Amino acid sequence: MKTRVLTGITTTGTPHLGNYVGAIRPAVAASRRDDVDAFYFMADYHALIKSDDPARIERSRLEIAATWLAAGLDPQKVTFYRQSDIPEIPELTWFLTCVTAKGLLNRAHAYKAAVDKNTEAGEDADAGVTAGLYMYPVLMAADILAFNANKVPVGRDQIQHIEMARDIAQRFNHIYGRDFFVLPEVVIEEQVATLPGLDGRKMSKSYDNTIPLFAGGQKHLRETIMRIVTDSRLPGEAKDPDSSSLFTIFRAFASEAESAAFRQALVDGIGWGEAKQVLFERIEVDVAPMRESYDALIARPGVIEEILHEGAKKARAIAAPKIAELRDAIGLRSGVSIAPQATAKAAPKSGKSPRFASFRDGDGSFRFRLFSADGEELLLSRSFADPKAAGVLQKRIKELGAAAAVVQSQSSALVLELDGEPVASTPVFDDEQARDAALTRLRGALDQLAAQE
Ligand code: TRP
């Protein structure tokens, strides 16, 4: 079983070294593991909460996407997309909103901080606070729950949001009486210390103390490193590595042996200017090759958009059937096809018809589901290495018709056979009665499909 790992990056600002070391680099490394099915996305709906500057949002999206790709992310292996290309996410946000306790959101750190600041300033508690900021944790829960993510790697400031996502998921599962959602677990990379910024505080765009990763090129990287605040010890005086931002940043890039050598140089009294040059050169070893791919990508935004678009297709193939299932469960059945690859074929007179939704499984294989006109999941196909073979099976199921269908009962589920081989099965039912009722609906759907051909 692969573990589904999902994380989002808010598209404001320009990626800095802290983002790279704390989020991007470990995420790219994790995505290469065979036991990981990674979902990484541009959280541009979240960005709207922080910025109302369209040009900045747009620019930041391209920069961040290019950064992740340049950092070695393989969009073939990873599902890499932007949040706003997935309409199922805002839809799920609303479903979750309706089960989320307002009191839970009152306790969110970001919201509370804004309220505290207002109160201190003698202002109205909610002055300048948008409902977007207030709802931020619910949107984030939808990002995670739409894909049944198992693990969510984030920075420490986001731990509470993952806990809230679990809370909200549990509440939904409880209210609607089934385990619709997997409960996500937070992952904090323990080894990667948060990098200090120029002033020694945590490197963060909100402190305006960042060292850019690619922006401004090599020259700007060097200039910024030269501005890192140090103490006033002169060359020849021993420096304390453990209280030095330079050393902390160096260590985030270097091997044990390199770090030991740098530590020694500081203790031996290397001048701060020279130490900064050493740091710059060590960072360049890693960053220079990535910067080259970054510049090439930024010069061709169409390529980036295309990659994100492909990613969105993969993501929707999972989110769409999930939302269809939820709509059904909460009493919002819809005849409108929300499958990502809605076919051009004219719908039958009623406007409602069964439909297929294809998706890629965790192991990269191709499968599909058949949904009834009401959005009930009727069948889940077996997996295929070749998408064409899955397509052929869909076509045969379409033409089959109820009379020709061979359906076997297998304990509490039904299995559709073709040429004597099991090719698809229904969900597991609570009892035989439910199973038999489902058989009637399955046969009805097969007849409806055959009538369209
Ligand atoms: N809020 C996260 C941050 O600022 C970004 C984010 C949005 C996210 N949606 C997510 C992270 C879902 C993990 C999962 O860092």
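The values are calculated or read from the model by the stated rules, or taken from the named source; none is laboratory data. All values derive from a computational prediction rather than experimental measurement. Cβ coordinates were reconstructed from backbone atoms using ideal geometry, including for glycine residues, and neighbour counts include every protein chain displayed.
Between 324, 403, 373, 339, the distinction of being modelled with pLDDT under 85, among the aliphatic types (A, V, I, L, M) and out of contact with any helix residue (DSSP H, G or I) (no Cβ under 6 Å at 6 or more places or on another chain) belongs to 403 only.
The residues listed here are 259, 255, 245; of these, the one that is out of contact with any helix residue (DSSP H, G or I) (no Cβ under 9 Å at 6 or more places or on another chain) and surrounded by 11 or more Cβ atoms within 10 Å (Cβ to Cβ) is 245.
In the set (1) surrounded by 16 or more Cβ atoms within 10 Å (Cβ to Cβ); (2) over 22 Å from residue 136 (Cα atoms), residue 48 fails one condition alone, (2).
Restricting the search to helices (runs of 4 or more DSSP H) fully inside region 1-91 and requiring at least 3 residues that are within 25 Å of residue 253 (Cβ to Cβ) and either under 14 Å from the mean Cα position of the chain (by Cα) or away from the ligand (no atom under 12 Å from the Cβ) (or both) gives 25-31, 54-70. If we keep just the residues of region 159-188 that are within 13 Å of the ligand (Cβ to nearest atom) and assigned to a loop (DSSP other than H, G, I, E, B), which is surrounded by the most Cβ atoms within 10 Å (Cβ to Cβ)? Per the criteria, the residue is 184.
Highlighted here are the strands (runs of 3 or more DSSP E) found entirely within region 364-453 that include at least 3 residues which are touching an Asp or Glu at 6+ places or on another chain (Cβ under 8 Å): 366-371, 406-410. Apart from one condition, residue 228 fits all of (1) more than 23 Å from residue 157 (Cβ to Cβ); (2) assigned to a loop (DSSP other than H, G, I, E, B); (3) in the same structural domain as residue 271 (by TED's automatic domain parsing); the exception is (1). Out of (1) touching a strand residue (DSSP E or B) at 6+ places or on another chain (Cβ under 6 Å); (2) without any contact (Cβ under 8 Å) to a residue 40 or more places away in the chain, the odd one out for residue 227 is which? So residue 227 meets the others, but not (1). Tallying residues that are out of contact with any Leu (no Cβ under 9 Å at 6 or more places or on another chain) and aliphatic (A, V, I, L, M) within region 361-400 yields 5.
One line per residue, one yes/no per condition, for (1) in contact (Cβ under 8 Å) with a residue 60 or more places away in the chain; (2) assigned by TED's automatic domain parsing to the domain that holds residue 380; (3) not in a helix (DSSP H, G or I):
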site	(1), (2), (3)
269	no, no, yes
274	no, no, no
281	no, no, no
285	no, no, no
291	yes, no, no
303	no, no, no
317	no, no, no
321	no, no, no
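Residue check: residue 397 meets all listed conditions (1) β-branched (Val, Ile, Thr); (2) surrounded by fewer than 18 Cβ atoms within 10 Å (Cβ to Cβ); (3) over 20 Å from residue 325 (Cα atoms) but one, namely (2).
Residue pairs whose Cβ atoms lie under 8 Å apart, separated by 6 or more positions or on different chains, with the first residue in region 100-120 and more than 22 Å from residue 170 (Cα to Cα) and the second β-branched (Val, Ile, Thr), are 111/129; 114/129; 115/129; 118/129. The set of residues from region 92-108 being assigned to a helix (DSSP H, G or I) and either under 30 Å from residue 314 (Cβ atoms) or within 21 Å of the chain's Cα centre (by Cα) (or both) comprises 92, 93, 94, 95, 96, 97. If I go through region 109-158 residue by residue, how many of them are within 12 Å of the ligand (Cβ to nearest atom), more than 25 Å from residue 91 (Cβ to Cβ) and either part of a helix (DSSP H, G or I) or over 21 Å from the mean Cα position of the chain (by Cα) (or both)? Number of matching residues: 3.
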